[in-house]
Amino acid sequence: MGMERIPAAEIWGARHAAAGPYPVDRALVSTVIFWDLLGDVRGRSVLDLGCGQGELAVLLAQAGARVTAVDGSVGAIAAARRQAAFNGVRGIRFVQADAFEIGALGRFDLVTGRYILHHIEPFGDFVPQLRAALKPGGRAVF
């Protein structure tokens, strides 16, 4: 008897939908090395792929980036919207979309995300979408 495979977006969406918003700070999100790799994001267009509850999107917006937060889960997008509102952040563009659709969302100076790449399969099919989402000279940091 085989087990039914539940898509990651459903699993994480349910988890994120149940979570309440909380104060966000850099220590919560990642290491200093991650922030060093991102660099100065002021005035830059940034796509946060697999935004989950929106912590990174909130911090990027607070740092002056123009943020598009993307997740495949409706529950995650709802949680990310609550997170932004709770933390007093406006102007984040929230999009419920699959990672394989990011090339259609525009071109960005930076595409980033945390804990997402292992969910993207087949990865080789994703790479052209990532390239399409980056402006010339743009960077991807995961």
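The values are calculated or read from the model by the stated rules, or taken from the named source; none is laboratory data. For clarity, every value in this text was computed on a predicted model and none was experimentally measured. Using ideal geometry, Cβ is built from the backbone for each residue, glycine included, and neighbour counts are taken over all protein chains shown. Just the protein is used for accessible areas: all its heavy atoms, side chains included, with ligands, DNA and RNA removed. Shrake-Rupley method; radii C 1.70, N 1.55, O 1.52, S 1.80 Å.
Brief remarks follow.
- When residues of the range 131-142 are limited to those that are outside any helix (DSSP H, G or I) and among the small types (Gly, Ala, Ser), the one most open to solvent (accessible area, probe 1.4 Å): GLY137
- Conditions (1) in contact with a helix residue (DSSP H, G or I) (Cβ under 7 Å, 6 or more places away or on another chain); (2) closer than 23 Å to TRP35 by Cβ: number failed by ASP109: (1)
- Listed by first and then second residue, the pairs linking a residue in the range 83-109 that is on the phi > 0 side of the Ramachandran plot to a residue that is open to solvent by less than 70 Å² (accessible area, probe 1.4 Å) and assigned to a strand (DSSP E or B), with Cβ atoms under 9 Å apart and 6 or more places separating them unless they lie on different chains, are GLY91/VAL67; GLY106/SER45; GLY106/LEU47; GLY106/THR68.
- Among the residues of the range 110-130, those identified as in contact (Cβ under 8 Å) with a residue 12 or more places away in the chain and either of a type in the set (Lys, Arg) or open to solvent by 60 Å² or more (accessible area, probe 1.4 Å) (or both) are ARG114, TYR115, LEU117, HIS119, ASP125, PRO128.
- Search result, residues across the range 83-99 that are more than 17 Å from VAL41 (Cβ to Cβ) and either open to solvent by less than 40 Å² (accessible area, probe 1.4 Å) or at pLDDT 95 or above (or both): GLN83, ALA85, PHE86, GLY88, PHE94, VAL95, GLN96, ALA97, ALA99
- Scanning the range 60-74 for residues that are surrounded by 22 or more Cβ atoms within 10 Å (Cβ to Cβ) and in contact with a Gly (Cβ under 9 Å, 6 or more places away or on another chain) turns up ALA61, ALA65, VAL67, THR68, ALA69, VAL70, ASP71, GLY72, SER73.
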